[in-house]
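The values are calculated or read from the model by the stated rules, or taken from the named source; none is laboratory data. What you see is a predicted model, and the numbers here were worked out from it, not measured in a lab. Cβ placement follows ideal geometry from the backbone for every residue including glycine, while neighbour counts extend to all protein chains displayed. To get the accessible areas, we keep the full protein, side chains included, count just its heavy atoms, and leave off ligands, DNA and RNA. Shrake-Rupley method; radii C 1.70, N 1.55, O 1.52, S 1.80 Å.
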Amino acid sequence: MLDVQSIRQDFPILARKVNGNPLVYLDNAATTQKPRQVIRTLVDFYQQHNANVHRGVHTLSIESTDLYEEARAKVQRFINAPVPESVIWTRNTSESINLVAYTWARANLQAGDNVVTTAMEHHSNIVPWQQLTRQACAELRYIPVDDDGLLQMDAAANLIDERTRLVAATHVSNVLGSITPIHHLTRLAHSAGAVIMVDAAQSVPHMPVDVQAIDCDFLAFSAHKMLGPTGIGVLYARPELLDAMPPFMYGGDMIIEVTYEDARWNDLPYKFEAGTPNIADAIATGAAVDYLSNLGMENVQEHERQITEYALRRIREVEAVTVFGPHDASLKGGVVSFVHGNIHPHDLGTALDRMGIAIRTGHHCAMPLVRSYGVVAAARASFYIYNTKEEVDLLVDGILEVERYFAHAGAK
Amino acid sequence: MRALSELDELYEEIILDHYRNPRNNRELDAPDLEIEADNPFCGDEIKIQLKFEDDRAAGVSVAGRGCAISQSSASLLAELSQGRTREEMKNSVTLVRRMMRGEELSDSELDDLGDLEALRGVRKYPVRIKCALLSWVALEDMLDDYPAARQQVSER
Ligand SMILES: Cc1ncc(COP(=O)(O)O)c(C=O)c1O
């Protein structure tokens, strides 16, 4: 189990007050807070080691190159990737997905082919495929979600066919929290001869993820959702695929030899890392991975399951609240999205903020999904390693207080 | 936990009254002008219809769904626009914008805004200004496109 009280001591921001109240941070699916270990790594790098990587013979350049590659190796072990060069640094999940779209998909999608995704994707795993399939005269198909917020795997088996080139699916929905039966989906994709790309933005931070066990071809996630800095993300890909793919961006570092006429691409992973990379944030991502590894991802997942179970129970005590997605915490990540019958999410968000409670309101970058529930906006509480049951109580008490406020205000 | 009374500035009584009991939200029969607008980021939607007689708004309908700020602002718009000319309506759009920017308005300008002054508290909540302005920006767009919009409605 996690020692949440000692974990909280590592997060300086949790000591601050918001609008006069202690911060209750429940917007972790958007981005997580950073522990001092990560912040210290960033400061240390700039104060002690800063130099460009892969370029110099001088000590600092060697040190920063070592730290940068060591961070890659940490990520590799964290997701059990076979080799370090299967881990590409990007800016975020969105860029990782775009990399696959612009290189692999552009080279492999043909007219009449199809890409299969799901009805519960984040915009960043919808829009690139809309554009790419349109350009290639290919079809984009959506695996539907049932009334409990779970993927309809029977439909998936029908949608994935011999013309499917790619299955692009989220591992955990950022709105419903639903966990995709990813092994099952991988088998369906592979038996149809397709490759599978997993949007792991909401899974790698919250549960053990083993890319070899899943047997996926691509997997994308962002460091900022797992204690790391913003501006750095990861694309895992099977090295054979990366070898065969054209580069994503051209420039320095991604070449091995340049003449006036032509250029030869560098080895993996550098072929996909044009220009000076985000060195400091990559190294700090290594520190975030260390932090999570020390806790143990099974423990992280179990803690979130307990908080989510408690939150689902407590929040449904509020009569006017409707919760979207599975009501069984073992089927979902630490995300609880809901609407209140009488209070618009936006008004609720503003009022809770007065109490120091940070939740997300709006379409959660998943407009088609949110609209399929007959609403244009929802409220979302999402949890992480430092959240407590007491904070869930504060949220529920807060909602009740906002209810009372709107019932009485104006009726004075 | 500090009480929510600080919110009274944002949710004045008039605002909540208009939110709960929106005015003029019944659709018009044969509007001269009609526009739909939304703010997908917060999920506010609004539809405005206008009917003119002798260059004055004889019928105004505003309906939609969304937060208390966007919907009450729209209802206030409907109330205020009744009987006004296009120029007068455009003038109130400018006044509402100026109020949201935090500019001081003269007494006669405040008179012109009437109950809308209740929206003043929104300017302390910058992310909510969009909500308050949604219907006003739509009204402005509709009036600016006047001939085109009018034709569109009559061609249906
Ligand atoms: C499921 C999912 N996919 C993709 C993203 C996009 O991540 P980023 O904004 O870091 O690119 C998010 C972030 O909200 C997400 O939750």
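Quick notes on this one:
- Estimated D of region A:295-412 in µm² per second, where Rh is the Kirkwood radius over Cα pairs and Stokes-Einstein applies at 4 °C, 1.567 mPa s: 87 µm²/s
- A Förster radius of 51 Å combined with the Cβ-Cβ distance from A:Q212 to A:R313 puts the calculated FRET efficiency at roughly 0.90.
- Sites A:W265 and A:E139 - FRET efficiency at Förster radius 45 Å, r taken between beta-carbons, to 0.05: 0.90
- Given +1 at the Cβ of Lys and Arg, -1 at the Cβ of Asp and Glu and no other charges, the dipole of region A:39-294 around its Cα centre is 240 debye to the nearest 20.
- Chain A - share of DSSP beta bridges that are antiparallel (%, nearest 5): 60 percent
- In region A:39-294, the C-alpha radius of gyration followed by the widest Cα-Cα span (Dmax) gives 18.6, 60 angstrom.
- For chain A, the share of accessible area belonging to carbon and sulfur comes to 49 percent (1.4 Å probe, ligands and nucleic acids excluded).
- For peptide A:250-256, the mean count of partner chain Cβ atoms within 10 Å of a residue's Cβ comes to 0.
- Volume of the Cα convex hull of the protein assembly as shown, divided per residue and given in Å³: 197 Å³
- Principal axis extents of the C-alpha atoms in region A:264-354 (largest first, rounded to whole Å): 63, 31, 26.
- Check: the protein assembly as shown dipole with +1 on Lys, Arg Cβ and -1 on Asp, Glu Cβ, in debye: 700 debye
- Leading residue at positive end of dipole, the protein assembly as shown (Cβ point charges), from A:G177, B:S72, A:N21: A:N21
- Cα coordinate range in region A:163-224, projected on the principal axes (Å, largest first): 34, 23, 17
- Dipole orientation for region A:234-355: of the candidates A:F248, A:A287, A:Y310, A:Y310 has the Cα lying most toward the positive pole (charges on Cβ; Lys, Arg +1; Asp, Glu -1).
- Low-density loop cleavage sites - chymotrypsin sites (Phe, Trp or Tyr not before Pro) in region A:86-186, where at most 12 other Cβ are within 10 Å (DSSP): none
- Annotation: region B:2-154 has a Kirkwood hydrodynamic radius of 15.6 angstrom, from the mean reciprocal C-alpha pair distance.
- By average C-beta atoms within 10 angstrom, highest first, the peptides B:111-122, A:377-388: A:377-388, B:111-122
- Two-site label geometry, A:Q110 and B:E87: point separation in nm, points 7 Å out along Cα→Cβ: 6.8 nm
- When +1 charges are put on Lys and Arg Cβ atoms and -1 charges on Asp and Glu Cβ atoms, the dipole computed for region A:367-412 relative to its Cα centre reaches about 300 debye.
- Sparse packing (at most 13 other Cβ atoms within 10 Å of the Cβ) combined with a DSSP loop state is found for the following GluC sites (Glu not before Pro) in region A:112-166: A:E162.
- Inter-site label distance for B:E103 and B:V127 at 7 Å from Cα along Cβ, in nm: 2.8 nm
- Applying 1/(1 + (r/R0)^6) with R0 = 25 Å to the Cβ-Cβ distance of A:E63 and A:M249 gives a FRET efficiency near 0.40.
- In this simple spin-label approximation, A:D147 and A:E302 carry label points 7 Å from Cα along the Cα→Cβ vector, and these lie 3.5 nm apart.
- Positive-end residue, the protein assembly as shown charge dipole about Cα centroid, Cβ charges, pick of A:N92, A:A192, A:Q301: A:Q301
- Per-residue shielding of A:371-382, expressed as the average number of other chain Cβ atoms within 10 Å of the residue Cβ, stands at 2.
- Net charge, A:V195 excluded, C-beta distance under 15 Å - Lys, Arg +1, Asp, Glu -1: -3
- For trypsin sites (Lys or Arg not before Pro), the sites in region A:1-87 that DSSP calls loop and that have at most 16 other Cβ atoms within 10 Å are A:R16, A:R55.
- When each of A:K34/A:K332; A:K332/A:K389; A:K389/B:K130 is checked by Cα-Cα distance, pairs over 26 Å: A:K389/B:K130
- Neighbouring partner chain Cβ atoms per residue of B:40-46, average, 10 Å criterion: 6
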